[in-house]
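Down below is the structure, laid out as structure tokens.
The values are calculated or read from the model by the stated rules, or taken from the named source; none is laboratory data. Everything numeric here is computed off the predicted structure, so don't read it as measured data. Heads up, the Cβs are rebuilt from the backbone with ideal geometry, glycines too, and the neighbour counts pull from every protein chain shown.
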Amino acid sequence: MTTLVTGAAGFVGLNLVRGLAARGQPVIAMARAAPDAATHAFLAPVAEHVRFTTGDVRDRAGLAELARHEGVRRIVHAAAITSAEVERADPAGFVDVNLGGTLNVLEAARSIGAERVVLISSSALYGAPSDPRRRIRETDPLQISGLYTICKQAGEQLCRRYRELYGLSTVAGRLGTAYGPMERPTGSRQAMSQVYTLIHAGLQRRPLRIYGAERLRDVCHIDDVVDAFCALTLAETLPHDTYNVSAGTAHSLRAIAMAVQELLPELVWSVVETPEQADLAVLPPSERGPMDLARLQEDLGVQPRHTLASGLRAYLAWLGT
């Protein structure tokens, strides 16, 4: 059963390619550019199950032809632009990729009678929590603001409508803030996770100034993300069309910084009073509460393997520290 992964050169997409291939699944990894040396090295243990191809999710006909030619049965749609700079500079291009790409994936899936489309959605749809102590459920109200969340919400609605019209099995995983191996800046991803920023500041012995130290973030190790999305991709049936994907907990920026510093004493950080003074800031709209993972656990038997501490240790080990 061949799975097509779009956005396969990105942080989440690349890890999903490796995770699916490690489970013995043939994977067509589609990205706009050929894989670099780091990508080849990361996929080396599973290379026999992976074929990279260049393509663009904005090319509807090309996407459909690729899926048909390769005998694709399931599609994981990870291609996205998250850069706020691109949103401001090229809003039409931003929407073409983030929403038009979802439509084109669904059209490709419809044309080949695919068994499943998995959309990588976002916890940003929930916005900042009104009660930081309460776990956020998939049925909770959404807070839609910028083009990114507009596109993600509309993409989820497109998935539901294709399911109603054509019986296409679609599911959206609302992803928290992932961190871990192969997170790096790219053309479509400029803002790194808080964990990445803290760890690399420590490794570079660069003092870090933070703002919003008490605000929460739902950081999760990429291995747990892969477990969840592989389960959503490969399950025979799914009782729901939306699932939270995260660690199931949220930590303040201060707590994350302290946990990193405990493992990496070279990290030196301080709290500043304004975001303009900060190297790392969590503004009020960017706070994220803990997400309820009951659906994921009850329907698929998937639960996070990592605590914050164990996830940080695993990431540092991969980085060779």
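Tabulated values for the structure
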{"quantity": "Top-ranked residue of the stretch 1-47 - restricted to ones that are in a loop (DSSP other than H, G, I, E, B) and of a type in the set (Lys, Arg), ranked as modelled with the highest pLDDT", "calculated": "ARG23"}
{"quantity": "Number of the exception - LEU20 against (1) within 18 Å of the chain's Cα centre (by Cα); (2) closer than 30 Å to GLY146 by Cα", "calculated": "(2)"}
{"quantity": "Extreme residue, nearest to the chain's Cα centre (by Cα), among residues of the stretch 125-163 that are over 21 Å from VAL105 (Cβ atoms) and of a type in the set (Ser, Thr, Tyr)", "calculated": "TYR126"}
{"quantity": "Criterion (under 19 Å from LEU14 (Cα atoms), part of a helix (DSSP H, G or I) and under 21 Å from the mean Cα position of the chain (by Cα)) met by exactly one of THR82, THR102", "calculated": "THR102"}
{"quantity": "Considering residues of the stretch 162-193 that are at pLDDT 95 or above, out of contact with any helix residue (DSSP H, G or I) (no Cβ under 6 Å at 6 or more places or on another chain) and not hydrophobic (A, V, I, L, M, F, W, C) only, the residue surrounded by the most Cβ atoms within 10 Å (Cβ to Cβ)", "calculated": "THR177"}
{"quantity": "Residue count for the stretch 139-155, restricted to those that are in contact with an Asp or Glu (Cβ under 9 Å, 6 or more places away or on another chain) and modelled with pLDDT under 95", "calculated": "1"}
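Yes/no matrix, rows are residues, columns are (1) farther than 18 Å from VAL226 by Cα; (2) touching a Ser or Thr at 6+ places or on another chain (Cβ under 7 Å); (3) in contact (Cβ under 8 Å) with a residue 24 or more places away in the chain:
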{"site": "THR249", "(1), (2), (3)": "no, no, yes"}
{"site": "ILE256", "(1), (2), (3)": "yes, no, yes"}
{"site": "THR274", "(1), (2), (3)": "yes, no, yes"}
{"site": "GLN277", "(1), (2), (3)": "yes, no, yes"}
{"site": "LEU280", "(1), (2), (3)": "yes, yes, yes"}
{"site": "PRO284", "(1), (2), (3)": "yes, no, yes"}
{"site": "ASP292", "(1), (2), (3)": "no, no, yes"}
{"site": "GLY311", "(1), (2), (3)": "no, no, yes"}
{"site": "GLY320", "(1), (2), (3)": "yes, no, no"}
